[in-house]
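The values are calculated or read from the model by the stated rules, or taken from the named source; none is laboratory data. This is a predicted model, so every value here is computed, not measured. Positions of Cβ are backbone-derived with ideal geometry, glycine not excepted, and every protein chain shown enters the neighbour counts.
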Amino acid sequence: MVQYDVIVMPNSYIAIGYGNSMTNTDMCYWGANGASSLQEDLYSTSESFPSIDAVNAYTTTFEVLTDGSVHFTSLRALSPNESPETYVITLDTPI
């Protein structure tokens, strides 16, 4: 398992992508919006807004902090095997 601990400022987001470009890239998005904050598992097929994966490879909880920022804790298997759109994380290998 990989654990992501992400703190996002109010009304902002952080996203990561597992690839060299925005095309055919598995991504994860964390968006801070108080009690409506969310994490999404995404896949981009082109340099446009990515689609939401049918199955979220992440298990996420979040806490709204006193300054309004949001602390997300997300867990993801190295190889979720949930769709062809899921990147396999290889340990000790730069991505």
Exercise. When only residues in the stretch 56-79 that are farther than 14 Å from Leu38 by Cα and of a type in the set (Ser, Thr, Tyr) count, which is surrounded by the fewest Cβ atoms within 10 Å (Cβ to Cβ)?
Worked result: Thr66
Problem set entry | Single condition Met9 does not satisfy, out of (1) modelled with pLDDT under 90; (2) hydrophobic (A, V, I, L, M, F, W, C); (3) touching a Gly at 6+ places or on another chain (Cβ under 9 Å) | (1)
Problem set entry | Which listed residue, of Gly31, Gly17, is closer than 21 Å to Ser79 by Cβ, surrounded by 14 or more Cβ atoms within 10 Å (Cβ to Cβ) and not acidic (Asp, Glu) | Gly17
Seminar exercise, completed: Taking the stretch 39-63 and keeping only residues that are part of a strand (DSSP E or B) and out of contact with any His (no Cβ under 8 Å at 6 or more places or on another chain), one is left with Gln39, Glu40, Asp41, Leu42, Tyr43, Ser44, Ser51, Ile52, Tyr58, Thr59, Thr60, Thr61
Exercise. What number goes with the only condition from (1) without any contact (Cβ under 8 Å) to a residue 24 or more places away in the chain; (2) of a type in the set (Gly, Ala, Ser); (3) over 21 Å from Val2 (Cα atoms) that Ser44 does not pass?
Worked result: (1)
Seminar exercise, completed: Of the listed residues (Pro94, Pro10), the one being part of a loop (DSSP other than H, G, I, E, B), surrounded by 12 or more Cβ atoms within 10 Å (Cβ to Cβ) and not charged (D, E, K, R) is Pro10
Exercise. Taking into account only those residues within the stretch 37-49 that are more than 13 Å from Val8 (Cα to Cα) and of a type in the set (S, T, N, Q), which is surrounded by the most Cβ atoms within 10 Å (Cβ to Cβ)?
Worked result: Ser44
